[in-house]
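Quick notes on the structure that follows.
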Amino acid sequence: MKFSSKVQRCDYSPMRKFHPFAVAARAAGKKIYHLNIGQPDIATPPAAFAAVRDFALPVLEYAPSPGIPELIAAVAKYYRNNVGVALQEEDILITAGGSEALSITCNCILDDGDEIIIPEPFYPNYNTFVQAAGASIRPVDTTPHDGYRYADREKIEALINDHTRAIMLTNPGNPTGTVLAPAEMRMIADIAKEHGLFLVVDEVYREFVYGGEELSSMASFDDVAENTILIDSASKRFSACGARIGVLISRNKAFMQHALKFCQARLAVATLDQTAVVSMYDLPADYFLASREEYKRRRDVAYRKFKEIPGVVCECPGGAFYMMAKLPVDDTERFQEWLLTDFEDKGETMMFAPGAGFYATPGKGRDEIRIAYVLKEADLARAMDLLALGIQAYNARR
Ligand SMILES: Cc1ncc(COP(=O)(O)O)c(C=O)c1O
């Protein structure tokens, strides 16, 4: 028996290797502040739980493969009211998280030997979705010194060749928090249009922008409607990661018809989860304002703390709830392990996500980290102080 070359090219989550060290540190009585995972701590709106309690049908049937009509209508209304985009029912497929939307997309547009252009550092699971489709990632190079910005026309166009099928972006970005300006979005849309490429835009962090700007979406450029595929999700928007509800959106009819084949093959997305998410789309618009303000305060705390650490390179990111920084240490994987095994301050330590796992280029990101500012301000400040103390003690060792 033989495993596929596709699965053998895939890797485990880069965060997994620190789990045993974290378990041992906890067993030894250390408290760990987790800035390593993007699990929001903000309460899921109670309406979601009420909707599940009130579910009255006698049989928990398969939902329709494209999603329940109430949720599709709720998503269309959200796009109309929040980003000014008019979507038809057939432009929307409900998926098991944005993750399934990504997997379906890669399987619809990529073949063995194809390439997809993605700015690095990027969300590490993109590796698995792209590799499983037989394709490979062509990274657009960025640096911490200019805030990981990648909207450089020449740089992107230089990566396009006969194998290129798509450009994929996360906006606002994970792991960098970088937000594209409208002119940058327009320029990238122009590249996709001129070169006949799909433009896959992962907008699962759309609400989390802190510069006072209007919400934006790549879907608002009508002239690239055929190129554009949007990945959306309830996970971060409503602090409901466990609901496992995502959305695949495109006005490219042929793409949506192909995507529907995968939706039909997996039959349906969980009915109760879809019901819960419908109720959250009915929340008043100020729901987003409150969570945005909360994350903005946290971003400001984390950024201020980073800037106080000598030798750190970090630009203030405009969105999502992540921040990437270059640290004055040789290897952030070794440093993370040491923080768990050898370091403590008053019985406490912290975790981040080492940078290398967010890069496709071997050797890159070794002195970088990503933090997720998903802790309350006081805990976040303490975690950042532990990071500063840890850097000092780690570098004093030798
Ligand atoms: C950039 C990005 N895209 C997609 C996802 C998938 O999220 P979900 O499957 O929960 O919708 C995540 C989750 O962290 C993410 O960070």
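The values are calculated or read from the model by the stated rules, or taken from the named source; none is laboratory data. Computed from a prediction, not measured in an experiment: that's the story for all the values here. Note: ideal-geometry Cβ built from the backbone for every residue, glycine included; neighbour counts use all protein chains shown. The accessibility values were calculated without ligands, DNA or RNA, using every heavy atom of the protein model including side chains. Shrake-Rupley method; radii C 1.70, N 1.55, O 1.52, S 1.80 Å.
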Give the stretch 365-398 a look and list any residue that's under 30 Å from I137 (Cβ atoms) and open to solvent by 50 Å² or more (accessible area, probe 1.4 Å), or say none.
-> R366
Checked pairs for the stretch 14-41, first under 23 Å from Y123 (Cβ atoms), second within 16 Å of the ligand (Cβ to nearest atom) and among the aromatic types (F, W, Y), C-beta under 8 Å and 6 or more apart or across chains, list as P14/F358; L35/F352; L35/Y373; N36/F352; G38/F321; G38/Y322; P40/F321
Would you mind telling me which numbered condition in (1) away from the ligand (no atom under 15 Å from the Cβ); (2) open to solvent by 60 Å² or more (accessible area, probe 1.4 Å) A254 fails?
-> (2)
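Taking the stretch 171-203 as the region of interest, how many residues are within 16 Å of the ligand (Cβ to nearest atom) and either under 19 Å from V130 (Cα atoms) or assigned to a helix (DSSP H, G or I) (or both)? Walk me through how you get there before you give the answer.
Here is the first cut: in the stretch 171-203, the residues within 16 Å of the ligand (Cβ to nearest atom) are 171-180, 199-203.
Those still in the list that are either under 19 Å from V130 (Cα atoms) or assigned to a helix (DSSP H, G or I) (or both) too: 171, 173-175, 199-203.
So the answer is 9.
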Any hit, the stretch 240-249, residues being within 13 Å of the ligand (Cβ to nearest atom), under 21 Å from I42 (Cβ atoms) and open to solvent by 30 Å² or more (accessible area, probe 1.4 Å) | yes
Being in a helix (DSSP H, G or I) and either farther than 22 Å from D300 by Cα or of a type in the set (A, V, I, L, M, F, W, C) (or both), is that true of even one residue in the stretch 359-375?
-> no
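Conditions tested, residue by residue: (1) open to solvent by 10 Å² or more (accessible area, probe 1.4 Å); (2) in contact with a Phe, Trp or Tyr (Cβ under 9 Å, 6 or more places away or on another chain); (3) assigned by TED's automatic domain parsing to the domain that holds R251; (4) without any contact (Cβ under 8 Å) to a residue 12 or more places away in the chain.
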site	(1), (2), (3), (4)
P139	yes, yes, yes, no
A151	yes, no, yes, no
I160	yes, no, yes, no
M168	no, yes, yes, no
V200	no, no, yes, no
E207	no, yes, yes, no
Y210	yes, yes, yes, no
E213	yes, no, yes, no
N227	yes, yes, yes, no
Output the residues belonging to the stretch 1-24 that are among the aliphatic types (A, V, I, L, M) and part of a helix (DSSP H, G or I).
-> V7, A22, V23, A24
Collect the residues in the stretch 95-129 that are open to solvent by 40 Å² or more (accessible area, probe 1.4 Å) and at positive phi, keeping them in residue-number order.
-> G113
In the stretch 36-47, which residues are part of a helix (DSSP H, G or I) and either open to solvent by 90 Å² or more (accessible area, probe 1.4 Å) or in contact with a Phe, Trp or Tyr (Cβ under 7 Å, 6 or more places away or on another chain) (or both)?
-> P46
Just one of (1) within 14 Å of A74 (Cα to Cα); (2) in a helix (DSSP H, G or I); (3) free of Cβ contacts under 8 Å to residues at least 60 places away in the same chain; (4) not basic (K, R) trips up V277, so point out which.
-> (3)
Among the candidates V7, V23, V59, V83, single out the residue that is open to solvent by 30 Å² or more (accessible area, probe 1.4 Å), closer than 21 Å to V277 by Cβ and out of contact with any Phe, Trp or Tyr (no Cβ under 8 Å at 6 or more places or on another chain).
-> V59
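Need at least 2 residues that are under 14 Å from A360 (Cα atoms) and either within 16 Å of the ligand (Cβ to nearest atom) or in contact with a helix residue (DSSP H, G or I) (Cβ under 9 Å, 6 or more places away or on another chain) (or both) per element, so show me which helices (runs of 4 or more DSSP H) inside the stretch 67-170 make the cut, counting only ones lying wholly within it.
On the way: elements: 69-83, 97-109, 125-132, 153-157.
Per the criteria, 125-132.
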Conditions (1) open to solvent by 30 Å² or more (accessible area, probe 1.4 Å); (2) in contact with a His (Cβ under 9 Å, 6 or more places away or on another chain): number failed by E70 = (2)
